[in-house]
Amino acid sequence: STLPLHWEGDMPTFKHLVDEVMTRRMGGFPVDEKYAAALARWIDVQPAVRLETANSAGIARGKQLFESTDAACASCHADALLTNNQTADVGTGGLFQVPSLLGLALRGPFMHDGCAADLAARFDPACGGGDQHGKTSQLTPEQIADLVAYLETL
């Protein structure tokens with residue numbers, strides 16, 4: 001649902017992604033169109049996995065911050081899939097697809113190059129792009145903790 005695929009948005013179909021990642025990079029078997037289509041259908045119906053959360057007040061504050069113009073997260077991570085499905089330069093070394101944030105907490109390490117071992121590290125300007133990737137330099141450690149608590153619920 002977020003074509004084109006991959007970090008740089010250079011994979012126009014799921015079959016291209018399978019050929020590049022499963023076959024070429026991982027050394028798997030070549031995949032025909034029918035198999036790739038079946039795999040894509042299977043992936044699309046997998047339920048979202050949710051982590052248990054305890055900090056409901058922090059989650060609520062993080063959601064409010066995420067949706068605010070102060071942090072501007074939702075300017076790109078919007079709608080039902082939490083992506084605008086665009087390619088953008090967020091200050092991290094190139095043009096990359098805006099990924100969906102659904103299931104984010106289970107996909108570490110984070111960022112296109114894995115520079116963030118955990119979600120809090122994404123807010124380090126040396127890794128996360130600073131204010132080109134949302135407006136985050138003004139956030140306090142407590143606000144970052146609230147934002148991370150919210151992100152872990154997606």
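The values are calculated or read from the model by the stated rules, or taken from the named source; none is laboratory data. It should be emphasised that the depicted structure is a prediction, and the values quoted were computed from it without experimental measurement. Neighbour counts are summed over all protein chains in view; Cβ atoms, including those assigned to glycine, are modelled from backbone coordinates with ideal geometry. Note: areas computed on protein heavy atoms with side chains; ligands, DNA, RNA excluded. Shrake-Rupley method; radii C 1.70, N 1.55, O 1.52, S 1.80 Å.
Only Cα pairs within less than 10 Å get springs; with that Gaussian network setup on the chain, which residue of PRO99, PRO109, PRO30 has the largest fluctuation? Sorting by GNM fluctuation, first place goes to PRO30. Taking 8 Å as the Cα distance limit and 6 or more residues as the minimum spacing, I'd like the relative contact order of the stretch 1-113 as a percentage. For the stretch 1-113, the relative contact order is 23 percent. Counting only residues at least eight positions apart within a chain, or on another chain, the lysines with an alpha carbon under 23 Å from that of LYS15 are LYS34. Comparing GLN138, GLN64, GLN46 in a Gaussian network model of the chain where C-alpha atoms under 10 Å apart are linked, the largest mean-square fluctuation is found at GLN46. Residues in the stretch 1-56 average 77 Å² of solvent-accessible surface per residue, probe 1.4 Å, ligands and nucleic acids excluded. Mind checking which of GLY58, GLY128, GLY114 has the largest fluctuation in a GNM of the chain, springs on alpha carbons under 10 Å? In the Gaussian network model the winner is GLY114. Helix-only arithmetic for the chain: the sum of -39500 (n - 2.57) across DSSP H runs with n ≥ 4, divided by the residue total, places the mean residue ellipticity at 222 nm at -7500 deg cm²/dmol. Simple rule: put +1 on each Lys or Arg Cβ and -1 on each Asp or Glu Cβ in the stretch 93-149, find the dipole, and look at PRO141, ALA120, GLY93; the Cα lying farthest toward the positive end is GLY93. The magnitude of the dipole of the chain, with charges of +1 and -1 set on the Cβ of Lys/Arg and Asp/Glu and taken from the Cα centre, is near 320 debye.
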